[in-house]
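These notes concern the structure reproduced below.
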Amino acid sequence: MADFFLRSGRGLVTVMAVFWLVFLVAPIVVTLASSFTSSTYLTFPPPGWSVRWYLSAFESEWVWSTFWNSVVIAVVSTAIAVALGIAAARVLARHRFYGRGAFEYAVLSPLIIPGVVVGFALLNVSVLIETQDAGLLNLIIGHTMVTTPFTLRSVWSSMAGNDLSLEEAAQSLGATRWSAFWLIVFPLIVPGIVAGAIIAFTFSFNDVTISAFLSAREARTLPVELMSHIEYLPDPTPAAVSSLMIVITLAFFLLVERTVGLGVFADR
Amino acid sequence: MKAGRFPASLATPVLLAFAVFIVAPCVMLLVKGLEPTAETGEWPDFTNVLGVFDSKIGQQALNRTIRISLIVTAVCMLAGYPVALFISRCGPRWRGLLLAVVIFPFLISAVVRAFGWTVLLGDSGLANKGLIALGLIERPIALVQNEIGIIVGETHLLMPYMILSLLAVLQRIDPNLRHAAESLGASPVSVFWRIVIPLTLPGLLTGTLLVFSLAMTAFATPFLLGGGRTPILTTLLYDYAFTLFDWRLAAAIGIVLLILGILFVTIHRFVSSRGMRSYG
């Protein structure tokens, strides 16, 4: 009897798990498949196969201009977020001071504040000080602030296991503070920096919420432009663009998997 | 850990950035949202913030936000548990692959995922075709541009958080506990109910709070899958900001969302510190 329960219980769990795992990949597979359709409207499965929508995507001016905007914003904001993340992680890993809790809370606050609030609050300020037309700058600022918690967490956890005495030994042997950091600490936290940078880049490149508010005028990002095309343009070009974004994300995903492992996501 | 002095040279640039670009804008939002509506009014004026709950559209959006978030959380719980259990029981090879299946969608842009769902849930999409083939419906029903679309999209968006929270606790369960219970005569069913479930409660709670708070504040998914007629708080904020140009009301909704965000993190911190204590 117990055996029967065990087997049917396990079977039920397996069936449900497989269903929901299929659910998780379904929209991705469908997007990829329908981007190769030969027809002028979207159906799944497609009536025939062709790459015409990829050609159409590559020929579209909006795809290229917004793609470059997105890359520039992601690269610059990731670089700043990594620098801020290293500094903040070092403060939190090495120092105890009055207000340390408040410092941690401040730096992690973008995880608490809803994205629409960050986006609208920054837009509100930029209108007030009349910088709302500096779209790229506003987007870089917004993305930097929101991705710094990711770089902080990832660098911080890679600092946690480090032996402080190594750095102190180097300093007592005559190394300056800077050279002790660069020669001892930095090599040890490189995995954390790489993981944090990849997560920050991916977040920035794919973000819609904050970008929807800040790129309202100029300097639209690829996801925001894609969003308006999905709303108004019923041809399958957005499917091809979406598929290209999936492939780019997959490249970064595999990079994380090969370099630091998927644990960086699971440990959160 | 060095004790004492404030590490000014390292901490100041970071603090400055957050003060200028996060704290100050949020304070400005507060100022804007509490601006007096009447010429003679005084600051702070709570009319707008309370108006979010008073106006018909605001109330509908609030109710819809809560309703959708509750349903999404429940579905994520019921769906995420078997998935996490299944993955935790797999061998290392399969576990790696399935973990990738869970984590990968979570990195893809919300726009792209919503797009996939519009294709799947559309009138001639696979979901409608499947339901017709099963004989459950006769003609295609509307699955997007309404609450169903938002629920499906948000479930897809947030289920990975639930699965990862559950996996974190499932992997920490000592297999000896199960062996001990079984050797003492416990049936697999009672091992599940009396050992696995109680030990995974902290993870379930973390996942639930995370999913619920993220469901309340999701934007792109409800924007694309809900259409114009089913606003939730976040998309209503966007509408006020960009189509109705009433920034005072938009700021008021922002304040409500900000309070909700802080509330959930506080509950989360409280619960997780309690949870850690009672479950070791």
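Please treat every number below as a calculation from the coordinates, not as lab data. Keep in mind it's a predicted model, so treat the numbers as computed, not measured. Glycine gets a Cβ as well: all are built from the backbone with ideal geometry, and neighbour counts include every protein chain shown.
With the highest mean first, a sort of the peptides B:78-88, B:178-188 on other beta-carbon atoms found within 10 angstrom per residue produces B:78-88, B:178-188. Ranking B:M162, B:G122, B:G185 by how far each Cα lies toward the positive end of the dipole of the range B:115-213 (charges on Cβ) leaves B:G185 at the top. Among A:M227, A:M245, A:M16, the largest mean-square fluctuation in a Gaussian network model of chain A, built with springs joining Cα atoms closer than 10 Å, belongs to A:M16. Put the Cα centre of the range A:102-159 next to the Cα centre of the range B:187-230 and the gap is 26 Å.
Think of chain A as having a plus end and a minus end, set by charges on the Cβ of Lys, Arg, Asp and Glu; of A:I112, A:V15, A:A74, A:V15 sits farthest toward the positive end of this dipole. Could you state the angle between the C-alpha long axis of helix A:2-34 and the longest principal axis of the C-alpha atoms of chain A, as a value from 0 to 90 degrees rounded to the nearest 10? Tilt relative to chain A: about 80 degrees. Here the protein assembly as shown is assigned +1 on the Cβ of each Lys and Arg and -1 on the Cβ of each Asp and Glu. Its dipole about the Cα centre then comes out at about 1760 debye. When the alpha carbon gyration tensor of the protein assembly as shown is reduced to an equivalent ellipsoid, its three semi-axes come out at 35, 34, 25 angstrom, largest first.
Think of it as helices only: each DSSP H run of n ≥ 4 in the protein assembly as shown is worth -39500 (n - 2.57), and spread over all residues that comes to -24500 deg cm²/dmol at 222 nm. When only the Cβ of Lys, Arg, Asp and Glu is charged (+1, +1, -1, -1), the dipole of the range B:1-118 relative to its Cα centre reaches about 980 debye. Volume per residue of the convex hull around the Cα atoms, evaluated for chain A, comes out as 207 Å³.
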